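Chemist: Before we start, here is the structure in question, set down as structure tokens.
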Amino acid sequence: MKVNQVKLVYFSPTGTTQKVMESIAKGLAIKNVKHINLTLPAESSQIYPVFSDELVIMGAPVYGGRIPVDAIKRFSQLKANDTLVIPVVVYGNRAFEDALLELNNLALELGFRPIAGGAFIGEHSFATKSITIANGRPDSLDVQKAIAFGAKIKTKVSDLQPSDLQIDLELPGSFPYEADGVRKLAVSPITKKDICTVCGTCASVCPTAAISVEEKVTTQTSLCIRCCACIKTCPEKARIMADETWTNIANWLQENCSTRKEPQVFGVEM
Ligand SMILES: Cc1cc2nc3c(=O)[nH]c(=O)nc-3n(C[C@H](O)[C@H](O)[C@H](O)COP(=O)(O)O)c2cc1C
Ligand code: SF4
Ligand code: SF4
């Protein structure tokens, strides 16, 4: 089969999923690459045409071994007509559990045809300069692997016949899903008022519109998904996680998930 366009469809609050997907697209070496970034509320409320003969890479981070609920909601508005798709999850060096299988199953329900999939590693959303969990990933080695994965997909697609679309991808994970997803914690980042310049950057990157910036920054904790985008993008380092349970989780991850994990791919030989 010949593919002339690649569409990257993703939810990526802190940008690691997007980076991995761009590297896979680089390996595909197809010039026409379009981004459908469903991270922010405004973009996700648009209506997208039914996907047809393009190749789609669909990506999301892993939250509690599953796909974030907001990513599922946004992807669920899409429809495809036997469109080839590569489901990709990016996780913070703990585990991806049922997430890749869940994304694959969702893609099938929407009318896509998964032909290969991957689980890559990205800096953990909870990581900071002092609590290190996969900091700096995807790094150059991850990028190389993602590019190589893209090149393998290209070969697989060019060898495919339209009659070969019912590929049964063998992916790790359990169905019914066993991973619980994210436990509800009634916490959100706080703002250090003494150094906040009320610039509004935090509100502009929040995927759930949980932050409003007027004379001061207000966060609606019930809307916060703890993606940490506001913490990582605040130019003044004025957004922090001050909650004890949250800090304990981050410390646990640092202690127990520091051994480097490597990307895993499925549906192609590497
Ligand atoms: C609420 C939450 C739950 C997470 N759960 C997991 C997890 O179960 N396993 C894991 O390895 N990483 C987990 N992570 C880390 C993210 O999967 C990882 O940092 C990913 O690279 C973030 O993707 P993004 O940069 O596209 O937002 C979690 C992050 C958040 C915010
Ligand atoms: S990004 Fe930082 S400095 Fe800017 S408004 Fe938000 S908390 Fe304040
Ligand atoms: S307020 Fe919560 S949901 Fe919004 S960017 Fe910050 S951590 Fe993410």
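Just so it is clear, none of the values below were taken in a lab; they were calculated from the coordinates. Quick caveat: nothing in here was measured; it's all calculated off a predicted structure. FYI the Cβ positions are ideal-geometry reconstructions off the backbone, even for glycines, and counts take in every protein chain you see.
Chemist: Please arrange D70, D82 by counting, for each residue, the other beta carbons lying within 10 Å of its beta carbon, fewest first.
Modeler: Listed from fewest to most nearby Cβ atoms, that is D82, D70.
Chemist: Which of the lysines could a cross-linker bridge to K152, judged by Cα under 18 Å and excluding same-chain residues fewer than eight apart?
Modeler: Within the straight-line cut-off, K152 pairs with K2, K7, K26, K31.
Chemist: Take K129 and I47, extend 7 Å from each Cα along the Cα→Cβ direction, and tell me the distance between the two endpoints in nm.
Modeler: Rounded to a tenth, the inter-label distance reads 4.8 nm.
Chemist: Dipole of segment 138-270, Cα-centred, from +1 at each Lys and Arg C-beta and -1 at each Asp and Glu C-beta, to the nearest 20 debye? Could the numbers behind the result be given before it?
Modeler: On the way: 15 positive and 17 negative charges, 89 e Å.
Here the size comes out at about 420 debye.
Chemist: Find which of M241, C224, T201 sits farthest along the positive direction of the dipole of segment 188-242, computed with +1 on the beta-carbon of Lys and Arg, -1 on that of Asp and Glu, about the Cα centre.
Modeler: Checking the options against the dipole of segment 188-242, the answer is M241.
Chemist: Starting with the fewest neighbours, write out M1, M21, M270 ranked by other beta-carbon atoms found within 10 Å of each beta-carbon. Mind dumping the intermediate values first?
Modeler: Numbers: M1 15, M21 27, M270 12.
Exposure proxy ranking, most exposed first: M270, M1, M21.
Chemist: When the chain is fully extended, how far beyond the present Cα-Cα distance does A186 get from S174, taking 0.36 nm per residue of separation?
Modeler: Values: separation 12, 0.36 × 12 = 4.32 nm, distance 2.84 nm.
So the extension gain works out to 1.5 nm.
Chemist: What is segment 1-88's relative contact order, in percent, from Cα pairs under 8 angstrom and six or more apart in sequence? Provide the component values of the computation, followed by the final result.
Modeler: Working: 138 pairs, mean separation 31.8, N = 88.
Relative contact order of segment 1-88: 36 percent.
Chemist: Let me ask another. Using +1 at the Cβ of each Lys and Arg and -1 at the Cβ of each Asp and Glu in segment 6-176, identify which of S158, S44, L103 lies farthest towards the dipole's positive end.
Modeler: Projecting each Cα onto the dipole axis, the largest value belongs to S44.
Chemist: From the square roots a ≥ b ≥ c of the eigenvalues of the alpha-carbon gyration tensor of segment 61-154, which class results: rounded (a/c under 1.5), prolate (a/b over b/c), or oblate? If you can, show how the numbers build up before the last one.
Modeler: Numbers: a/c = 2.76, a/b = 1.44, b/c = 1.91.
Verdict is oblate for segment 61-154.
Chemist: Just the isolated ones, please: cysteines in the chain lacking another cysteine beta carbon under 4.7 angstrom.
Modeler: C196, C199, C206, C224, C227, C228, C234, C257, each lacking another Cys Cβ under 4.7 Å.
Chemist: From Cα pairs below 8 angstrom and at least 6 apart in sequence, can you work out the relative contact order of segment 6-176, rounded to a whole percent? Don't skip to the answer; put the middle values down first.
Modeler: Details: 336 pairs, mean separation 42.9, N = 171.
Computed value for segment 6-176: 25 percent relative contact order.
Chemist: Further question on the same structure: Can you sort K145, K232 from fewest to most other Cβ atoms within 10 Å of each residue's own Cβ?
Modeler: On the way: K145 23, K232 18.
Ranking K145, K232 by Cβ neighbours within 10 Å, fewest first, gives K232, K145.
Chemist: Using alpha carbons only, how many degrees (0 to 90, rounded to 10) separate the axis of helix 16-28 from the longest principal axis of the chain?
Modeler: 20
Chemist: Now for a different question. Would you please give the FRET efficiency between A209 and A151, computed as 1/(1 + (r/R0)^6) with r the Cβ-Cβ distance and R0 = 45 Å, to the nearest 0.05? The partial results should precede the final answer.
Modeler: Working: r = 39 Å, r/R0 = 0.86.
In this case the efficiency is close to 0.70.
Chemist: Quick one: Cα convex hull volume of the chain, Å³ per residue? Present the calculation step by step, with values, prior to reporting the outcome.
Modeler: Values: hull volume 34.3 nm³, N = 270.
Taking the convex hull of the Cα positions in the chain, it is 127 Å³ per residue.
Chemist: Report, for the chain, the % of DSSP beta bridges that are antiparallel, rounded to 5. Don't skip to the end; give the middle numbers.
Modeler: Details: 9 of 34 bridges.
Antiparallel: roughly 25 percent of the beta bridges in the chain.
Chemist: From the helices alone, meaning DSSP H stretches of at least four residues, give me the mean residue ellipticity at 222 nm for the chain, per-run term -39500 (n - 2.57), in deg cm²/dmol to the nearest 500.
Modeler: Values: 8 runs with 78 residues, N = 270.
After summing the helix terms and dividing by residue count, I get -8500 deg cm²/dmol.
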